[in-house]
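Let me begin by presenting the structure, written as structure tokens, before commenting on it.
Only the coordinates and a few stated rules stand behind these numbers; no lab work does. None of the values given here were measured: they were computed from a predicted structure. A quick note on method: Cβ atoms are made from the backbone with ideal geometry, for glycine too, and the neighbour counts reach across all protein chains shown.
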Amino acid sequence: MGILNVTPDSFSDGGRYDRPEAAVARAVEMAAEGAALIDVGGESTRPGAAPVDAEEESRRVAPVVAAIARRLPGMWISVDTSKAVVARRGLEAGARLINDVTALRDPDMPGVLRNFGAPAVLMHMQGDPRGMQVNPVYGDVVAEIRAFFEERLAFAADRGLPRDRFVLDPGLGFGKTTEHNLAILRGLDSFKTLGRPILVGASRKSFVGRVLGSEDRPLPPSERLEGSLAAHLWAADRGARILRVHDVAATARVLRLWRVLAG
Ligand code: HH2
């Protein structure tokens, strides 16, 4: 899954693809590099990011989705949004998957998914982007995320959305310390028994910079490629089916070699 942030303020690529032509060119490039899915996002979820209203977010996302769908027919396009209105506009424009980092918190989201018969990613987040990195606390982070997935899948089923519509994502960096993120990666196996595909997004995240630098002086996002590749290779080897990445070409090469070895 190649990341396409059509935002002015995303943490590592903000402002680079906020013109539709630049966004489509990047989508075409990621497709050539091996992306099977393009994830279009119009609101940054980095810690402390300012919220964007649904109109502005739709205005950023829908034309880009439509242009990519025209340019790359058959490509899976997802919309990274927690708002039902934006999801609907994205699906109308040609998206086929909703990447909901709030896992159906918007009460209108289940209805939109039902109307379009669309699958969705349910991501775990403790708190909300404004305050999530202020002292996140868990007893057993892996067990709590697993319970959260069970609860969200049951909630969705009650609203007429069967389990097999969903991909599950433990949400690295969303209300988690470095140790929490590492524990999730170490415990990834334990999500397998939920019987749904697992998505992992470690790309350029701050825990990668903290492990390779230090807690106080993390490596900057521009120096997190190798660490991101290591985290994603680890995740793939433990069964993750979708990797959400900025660096598609490098990740695709790593996975190609891994597949040859894994057979
Ligand atoms: N991470 C980010 C955004 N959306 N969606 C899923 N399912 N999983 C993730 O780990 C995830 C996500 C944050 O990364 P990025 O898009 O690079 O930055 P920003 O939120 O600042 O746009």
Computed, not fitted: 222 nm per-residue ellipticity of the chain from DSSP H runs ≥ 4 (each -39500 (n - 2.57)), nearest 500, equal to -13500 deg cm²/dmol
Along the dipole axis of the stretch 2-262 (charges at Cβ: +1 for Lys and Arg, -1 for Asp and Glu; origin at the Cα centre), the most positive-end residue among Gly131, Ile3, Ala27 is Ala27
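Can you tell me which of 177-190, 36-49 comes out highest on packing, and rank the rest after it, using the mean Cβ neighbours within 10 Å?
Ranked from most to least packed, the peptides come out as 36-49, 177-190.
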Once both label points are put 7 Å beyond Cα along the C-beta direction, the Ala32-Asp128 separation in nm becomes 4.1
Most packed first (mean Cβ within 10 Å per residue), the peptides 122-130, 82-90 order as 82-90, 122-130
To the nearest 20 debye, the chain has a Cα-centred charge dipole, built from +1 on Lys and Arg Cβ and -1 on Asp and Glu Cβ, of 660
Of the convex hull drawn through the C-alpha atoms of the chain, the volume per residue in Å³ is 120
quick note, the chain, DSSP beta bridge pairs, % antiparallel (nearest 5) is 0
Expected unfolding gain across Asp140-Arg159 under the 0.36 nm per residue rule, minus the alpha-carbon gap, is 4.0 nm
Rounded to whole angstrom, the alpha-carbon centroid of the stretch 2-52 lies from that of the stretch 103-129 at a distance of 20
Taking Cα pairs closer than 8 Å and at least 6 residues apart, the relative contact order of the chain in percent is 16
Surrounding charge for Ile184, neighbours by C-beta under 14 angstrom, Lys/Arg +1, Asp/Glu -1, total +1
Output ordering of 217-229, 197-209 (per-residue mean of other Cβ within 10 Å, highest first) is 197-209, 217-229
The local net charge around Ala202, scoring Lys/Arg +1 and Asp/Glu -1 for residues other than Ala202 whose Cβ lies under 10 Å from its Cβ, equals +4
Here, Glu215 and Asp9, labelled 7 Å along Cα→Cβ, have an inter-label distance in nm of 2.8
Taking Lys and Arg as +1 and Asp and Glu as -1, residues besides Ala50 with C-beta under 13 Å from its C-beta add up to -4
Straight-line reach check, Lys176, cutoff 15 Å on alpha carbons, 8 or more apart in-chain or any other chain, hits among aspartates and glutamates -> Asp128, Asp140, Glu144, Glu215
If Asp80, Asp18 are placed from fewest to most neighbouring beta carbons inside 10 Å, the sequence is Asp18, Asp80
